[in-house]
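First the structure, in the form of structure tokens, and then the observations on it.
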Amino acid sequence: MTHPARPLWLRRPDNVAPGIAYGADYNPEQWPREVWRDDVRLMREAGVNIVSLGIFSWARLQPAEHTWRFDWLDEAMGLLYDNGIAVDLATATASPPPWLTAKHPEILPVNERGETLWPGGRQHWRPTSPVFREHALVLVEKMAGRYADHPALTAWHLSNELGCHNIYDYSDDAARAFRDWLRARYATLDALNHAWGTAFWSQEYSDWAQILPPRLATTHPNPTQQLDFKRFSSDALRDYLRAERDILHRRTPDVPVTTNFMIMGGTKGMDYAAWAAEIDFVSNDHYVEPGPQASDELSFSANLTGNIAGGRPWFLMEHSTSAVNWQPVNVAKKPGELARDSLTHVAHGADAVCFFQWRQSKAGAEKYHSGMVPHAGPDSDVFRSAAALGATLRDLAPVAGATREQAPAAIVFHWDSWWAAEADSHPTDRLRYRQEALDWYTAFLNLGIRADVVPLGTALDGYRLVVAPMLHMVGEPVAKELRGYVESGGHLVTTYFSGIVDEHDHVWLGGHPGALRDLLGVRVEEFAPLLDTESVTLDGDLSATLWTERVQVTGPDTAVLSRYATGEHAGHPAVTRRTVGAGSAAYVSTRLGAQGVTAVLDGLAAAAGVTSELPAGVRGGVELTVRRRGAERFAFLVNRTDQPVTVADLPGEPLVGTRGPHGELSLEARGVAVLRLG
Ligand code: GAL
């Protein structure tokens with residue numbers, strides 16, 4: 001995997017200080033001029049030194065096909081520059097204007113039922129539409145031409161959250177592009193027929209023209225067709241990204257290009273591991289979804305983003321100061337959460353912290369979404385917290401540029417396995433790939449052990465312990481890599497529904513988990529998923545849900561660590577571990593949830609020689625993350641609890657936080673400290 005190489009501040013305006021970038025999406029077109037003056041004054045007060053500008057400005061910039069209005073944007077850019085605020089300037093192509101969709105309705109996406117998605121929201125364009133591309137690229141050329149030499153311009157913000165609303169388009173444009181993609185992948189119809197298993201249900205194709213996206217069908221459409229459509233849809237947007245990027249690179253070779261990913265919760269459609277190399281630095285948007293693992297999920301996403309960025313600093317392009325507007329119930333942040341959330345991203349490598357958005361909107365679909373300046377105005381807790389964060393980030397300037405320090409353990413993340421494991425027509429529709437991975441991450445946090453979340457394909461040899469939860473899709477090269485990892489002394493843990501299919505979604509025969517069966521030294525003849533009303537227990541009183549299996553141990557070196565205590569498989573193995581030379585391969589055959597997994601991982605980590613680096617008293621209560629520049633290391637300590645925590649026995653000079661009389665660090669509920677270690 002290659003990674004973007006350019007630093008965030010490749011082109012820093014001469015009047016902006018180096019350090020961590022701080023700011024927000026700024027939408028001045030929603031406000032009269034007098035508010036703009038107030039905005040920049042308050043931005044300075046809050047320590048803002050960067051904004052993203054013009055993201056949804058297409059209709060204002062090009063009100064009619066041959067009419068262009070840049071005066072207002074020139075003025076906003078100038079005002080920002082004069083106030084020492086850099087601009088991450090959007091290409092403005094995210095939301096096409098009414099004149100364009102009225103003239104060219106053929107750019108509108110079509111859903112799987114054949115229904116057109118009409119204008120009225122945003123991102124109403126087909127990723128594969130040649131007409132949309134033509135018009136959008138004219139705008140990109142104009143923007144690049146006009147602002148290439150603007151002193152405020154620090155980076156290009158390509159489109160916005162590509163695929164947020166339009167990842168799956170089933171239109172005729174998509175059908176054409178899908179066929180081209182399939183031809184490039186399979187070359188012959190025979191190869192495609194084999195890969196898609198079209199001998200089943202009379203699906204054999206005799207002409208490329210017969211192939212369609214998986215539109216609404218009588219029953220489950222072909223699984224490999226569905227999987228390939230997911231792969232294609234991610235690639236089609238990446239192809240669009242390249243088209244905008246190539247113009248920007250040609251017109252402004254010294255200005256880095258980024259686009260904001262959405263590595264968070266349920267955003268599943270874009271394989272960002274395959275996108276990262278296309279841009280000059282990685283950016284991510286993250287919104288917390290309330291629930292018991294909310295802050296763990298934030299850390300998980302930040303961690304994965306940092307590793308997708310190859311350990312290099314990245315840009316947190318959006319998160320919220322408080323509530324969002326698009327969840328069923330939009331919860332306001334508790335005291336301390338605004339800073340804790342931002343600094344957790346910094347801990348995992350973010351060198352820029354930005355919010356959506358600067359000033360909370362007065363009208364439109366996001367008027368109840370928080371901003372740095374809320375409806376109440378600057379005399380508010382939200383604004384004061386945002387300004388306090390600005391000061392904290394100034395104190396963290398020495399951290400800027402430091403990379404992530406590799407952890408002793410890793411969790412492997414794989415988009416194809418996510419897509420394939422959660423497909424329809426499976427043993428249960430209750431499988432949740434990301435939740436399983438998150439449960440293992442919570443377990444590492446509970447044990448106070450640092451773990452990286454890495455995309456499959458990352459070199460594993462530096463990790464003593466690797467967990468590959470629900471690694472469903474394992475082709476021969478991946479199986480070989482995992483074997484090699486274990487044989488050279490690595491400790492692998494995997495779970496139910498791993499190693500079941502190859503890259504075409506064809507089952508490995510001879511017993512599950514086919515691709516990993518020999519490595520794990522176990523064999524499973526039949527899956528036995530549980531109903532929602534059922535659960536079983538394992539030795540040690542662990543409760544298991546969702547999935548069970550009759551596990552046979554096949555190798556002399558495979559030890560049974562835990563057995564089913566109740567249910568159909570009582571007395572049979574539930575958790576096993578095979579020793580392979582100095583390494584091992586462990587298998588967890590059921591869903592244990594975060595608490596159960598913590599108990600199992602405790603033993604597996606100890607056996608792998610992986611222990612917590614935190615003082616015993618705060619393990620589980622505090623998350624430790626380390627960034628490094630040469631010999632200089634920065635330890636981030638994040639209080640995971642809603643109670644104050646005291647951390648003793650940790651060396652280092654506090655950049656954030658203060659030491660008490662005995663050298664102890666006191667973290668408020670949800671508080672953060674940062675130490676500079678020698
Ligand atoms: C993102 C988007 C922003 C804003 C935000 C609200 O999806 O990029 O423009 O809509 O969500 O949470």
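The simple spin-label model puts a point 7 Å past each Cα toward its Cβ; for residue 613 and residue 220 those points are separated by 4.5 nm. Put the Cα centre of region 294-323 next to the Cα centre of region 42-66 and the gap is 24 Å. Working note: Debye formula, equal point scatterers on the alpha-carbon atoms of region 517-562, no solvent; log10 I(q)/I(0) at q = 0.21, 0.27 Å⁻¹ is -0.82, -1.02.
For region 409-607, the equivalent ellipsoid derived from the Cα gyration tensor has semi-axes of 22, 19, 17 Å, listed largest first. Computed packing ranks the peptides 222-232, 191-201 as 222-232, 191-201, most packed first, by mean other Cβ atoms within 10 Å. Dipole magnitude for region 616-676: computed about the Cα centre from +1 point charges on Lys and Arg Cβ and -1 point charges on Asp and Glu Cβ, it is near 300 debye. One chain, two ends: residue 429 and residue 464. Fully extended at 0.36 nm per residue, the span grows by 9.3 nm beyond their Cα-Cα distance.
For region 596-615 and region 418-492, what is the separation of their Cα centres, given in Å? Cα centres, region 596-615 to region 418-492: 16 Å.
A simple spin-label model places pseudo-atoms 7 Å from Cα toward Cβ; at residue 268 and residue 141 they are separated by 4.0 nm. Region 80-137 and region 379-396 have Cα centres separated by 34 Å.
What is the ratio of the Cα radius of gyration of the chain to 2.2 N^0.38 Å, with N the residue count, to two decimals?
0.98
Would you compute, from DSSP H runs of 4+ residues alone, the mean residue ellipticity of the chain at 222 nm, taking -39500 (n - 2.57) per run and dividing by the full residue count, rounded to the nearest 500?
-9500 deg cm²/dmol
For region 616-676, the alpha carbon convex hull comes to 78 Å³ per residue, rounded to a whole number. Using the beta-carbon distance between residue 526 and residue 676 and R0 = 56 Å, what value does 1/(1 + (r/R0)^6) give for FRET efficiency, to the nearest 0.05? E(calc), rounded to 0.05, equals 0.50.
Taking the Cα centre of the chain as reference, the dipole from Cβ charges on Lys and Arg (+1) and Asp and Glu (-1) amounts to some 1020 debye.
Of the solvent-accessible surface of the chain, computed with a 1.4 Å probe over protein heavy atoms with every protein chain present, carbon and sulfur atoms account for 51 percent.
The values are calculated or read from the model by the stated rules, or taken from the named source; none is laboratory data. Only a predicted model underlies this, so the values are computations on that prediction, with no experimental measurement involved. FYI the Cβ positions are ideal-geometry reconstructions off the backbone, even for glycines, and counts take in every protein chain you see. Areas reflect the complete protein model, heavy atoms only, side chains present, ligands, DNA and RNA absent. Shrake-Rupley method; radii C 1.70, N 1.55, O 1.52, S 1.80 Å.
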